[in-house]
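Quick notes on the structure that follows.
The values are calculated or read from the model by the stated rules, or taken from the named source; none is laboratory data. Quantities reported herein were computed from a predicted structural model and do not represent experimental measurements. Every residue, glycine among them, receives a Cβ derived from its backbone with ideal geometry; neighbour counts consider all protein chains shown. For the accessible areas, the whole protein counts, side chains as well, though only heavy atoms, and no ligand, DNA or RNA atoms are used. Shrake-Rupley method; radii C 1.70, N 1.55, O 1.52, S 1.80 Å.
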Amino acid sequence: MACELSLLAQRFRLLHRARRSPLTRQLALEACRRDPGFWFDYFCWTFDPRRTPSRLPFQLYPFQRELLSALCAAIDKGDDLLIEKSRDMGVSWITLLAFQYYWLFREGSHFLIGSRKADLVDSRGDLSTLLQKCRFNFSMLPSWMRPAGFKDGTHNGVMRLVNPKNGNTLIGESSNPHFGRGGRYKAVLMDEFPFWPYDDKAFAAAGQSTPSRILVGTPYGKLNRFARLRLESGIAVKTLHWRLHPLRNETWYLRQQGRMSPEEVARELDICYERSASDRVFRGFDQRHVRDVLLPVPGKRILRSWDFGYRCPACVFTQLDDHDRLRVLHEVVGQDELLLDFIARVREEGRQRFPDADYEDVCDPAGVQRSDKSACTSVEILQSQGVFPFFHPSDVAGGIERIRTQLAETIDGQPALMIARRCRKLIAAMEGGYRFRSPERDDPAQEHPHEDVVDCLRYAVSYKCRLRPSEDEARRRRHRVRLPDRRPRNPYTGY
């Protein structure tokens with residue numbers, strides 16, 4: 001605190017001397033050109049309506065100074081940078097004022113500033129918007145630091161700030177499939193990027209306009225470009241967790257937990273991709289349910305669960321261990337693939353991974369229905385290849401609830417449901433790929449492949465539970481096709 005007070009005193013002393021001394025002004029401008037940190041410490045301002053006074057001199061914490069250095073390095077070198085953060089760490093302010101620093105002191109600095117919708121990019125008088133933050137800091141700068149000839153109507157318009165002295169620009173734009181296309185920028189800010197519509201197209205379009213894309217956000221599940229870049233690519237990453245903040249501790253964290261839902265805590269504080277999406281169906285799933293290696297139990301049958309889709313089938317291999325825990329050993333997901341070809345692939349992968357296994361099969365009850373896209377039902381095609389599945393009519397909601405029960409249950413200290421890490425599609429579905437259409441609705445989105453692998457698991461869990469069918473289910477079972485005891489003729493060959 002003494003150091004901060006000393007810096008604050010030096011700041012006001014410098015401003016006082018600069019009002020009277022042209023030499024002091026020249027020296028201060030030169031110091032700013034050489035060091036953006038000096039400009040932040042001695043001339044920048046921030047705004048926080050929760051505090052009194054709300055206009056505050058910017059005093060960089062050590063973690064914020066490191067962020068500023070990383071930002072400037074990415075801009076100067078022309079590198080992409082992803083910033084994952086806890087909420088309220090000052091990242092938006094620092095990124096915007098870093099852009100403004102270049103706008104003031106470095107010629108040839110044109111920047112694009114974007115967010116998920118226009119109302120968050122710019123609204124005059126609203127300090128929650130990005131460009132208005134730049135205007136606020138600009139208005140607080142001493143007059144001798146502002147570019148000569150700057151006129152409010154000419155150089156300060158909607159979605160733009162122009163520096164008349166060097167021609168630099170700060171341009172705003174909301175998310176769209178052609179974000180930034182056609183312009184040329186030193187760097188582009190994509191704020192709140194995990195929530196952007198058109199995130200893949202916007203990211204690609206911006207890459208044609210700038211060498212340096214600055215992506216800022218808190219996690220929101222794994223099914224967005226921000227998460228894929230963070231977890232699956234080699235992009236440079238800067239992580240700002242709340243523990244870096246000198247004014248926050250465990251007491252503060254516990255107080256915030258009492259004010260937030262678990263998903264909000266995961267997203268806004270913990271930087272947790274797995275638990276951050278509020279619309280995921282299986283909130284009880286976490287890394288406790290994942291195993292690096294799951295070997296089949298010798299002497300026990302492996303259950304293959306089949307789900308049919310037009311050219312997008314799926315099959316999941318599961319097995320009950322000696323303690324009645326369900327283990328997901330393997331998955332096979334089709335993509336633009338005929339069912340006959342998919343069956344052959346499933347059987348081949350089964351031979352390679354589980355050469356001595358005996359199988360039983362369960363499938364989607366809808367597989368007995370004839371489609372106008374095929375002369376045979378899906379079950380008939382399976383039968384033609386020597387696969388005779390059992391199917392248990394069950395509703396989606398009931399199957400989801402049974403999976404949730406398995407996730408919550410433990411047997412002898414181990415989860416009742418465990419999934420091998422190789423089952424990447426199923427794990428992605430459990431982590432948020434299988435989600436509700438919206439947080440306000442209770443019906444899951446029908447999206448391949450996450451719906452397909454979850455349906456396979458649903459059939460396996462229902463088969464394991466062997467629940468007594470309800471009267472409605474019993475009525476539906478009357479329409480069940482009786483499976484023959486012998487292998488039927490192949491409908492394609494006649495043999």
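Below is a table of values for the structure above.
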| read-out | value |
| --- | --- |
| Candidates D35, D48 - the one that is within 28 Å of D126 (Cβ to Cβ) and free of Cβ contacts under 8 Å to residues at least 60 places away in the same chain | D48 |
| Selection count where residues are part of a helix (DSSP H, G or I) and open to solvent by 50 Å² or more (accessible area, probe 1.4 Å), scope the range 256-273 | 3 |
| Within the range 211-252, considering residues that are farther than 27 Å from R435 by Cβ and in contact with a Gly (Cβ under 7 Å, 6 or more places away or on another chain), the one most open to solvent (accessible area, probe 1.4 Å) | P211 |
| Pair list, Cβ under 8 Å, 6 or more apart: the range 111-134 residue over 23 Å from D76 (Cα atoms) and open to solvent by 50 Å² or more (accessible area, probe 1.4 Å), other residue modelled with pLDDT of 95 or more and part of a strand (DSSP E or B) | R116/S174; K117/S174 |
| Restricting the range 331-373 to residues that are touching a helix residue (DSSP H, G or I) at 6+ places or on another chain (Cβ under 6 Å) and of a type outside the set (G, A, S), the residue that is surrounded by the fewest Cβ atoms within 10 Å (Cβ to Cβ) | V368 |
| Candidates A202, A206, A187, filtered to the one that is closer than 26 Å to E107 by Cβ, among the aliphatic types (A, V, I, L, M), open to solvent by less than 10 Å² (accessible area, probe 1.4 Å) and in contact with a Pro (Cβ under 9 Å, 6 or more places away or on another chain) | A187 |
| Those residues of the range 213-238 which are assigned to a helix (DSSP H, G or I) and touching a residue at least 60 places away in the same chain (Cβ under 8 Å), in sequence order | F226, L229, R230 |
| Hits in the range 163-182 - residues which are open to solvent by less than 30 Å² (accessible area, probe 1.4 Å) and under 14 Å from A206 (Cβ atoms) | G172, S175, F179, G180 |
| Residue that is nearest to M190 (Cα to Cα), among those in the range 203-218 that are of a type outside the set (V, I, T) and touching a helix residue (DSSP H, G or I) at 6+ places or on another chain (Cβ under 6 Å) | L215 |
| Search result, residues across the range 388-410 that are of a type outside the set (V, I, T) and assigned to a helix (DSSP H, G or I) | A397, G398, G399, E401, R402, R404, Q406, L407, A408 |
| Wholly enclosed helices (runs of 4 or more DSSP H) of the range 411-495 bearing at least 1 residues closer than 20 Å to A227 by Cβ, open to solvent by less than 30 Å² (accessible area, probe 1.4 Å) and modelled with pLDDT of 85 or more | 424-428, 450-465 |
| Qualifying positions in the range 139-162 - touching a strand residue (DSSP E or B) at 6+ places or on another chain (Cβ under 8 Å), more than 16 Å from I113 (Cα to Cα) and surrounded by 15 or more Cβ atoms within 10 Å (Cβ to Cβ) | M140, F150, H155 |
| Pair list, Cβ under 7 Å, 6 or more apart: the range 291-306 residue among the basic types (K, R), other residue part of a loop (DSSP other than H, G, I, E, B) | R291/R421; R301/D358 |
| Members of the range 289-329 that are open to solvent by 80 Å² or more (accessible area, probe 1.4 Å) and either touching a Ser or Thr at 6+ places or on another chain (Cβ under 9 Å) or in a strand (DSSP E or B) (or both) | Y310 |
| Count of residues meeting criterion [in a loop (DSSP other than H, G, I, E, B) and touching a residue at least 60 places away in the same chain (Cβ under 8 Å)] in the range 89-101 | 1 |
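Listed here are the residues, each with its yes/no results for (1) in a helix (DSSP H, G or I); (2) of a type in the set (G, A, S).
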{"position": "L71", "(1), (2)": "yes, no"}
{"position": "W103", "(1), (2)": "yes, no"}
{"position": "D119", "(1), (2)": "yes, no"}
{"position": "L127", "(1), (2)": "no, no"}
{"position": "S139", "(1), (2)": "yes, yes"}
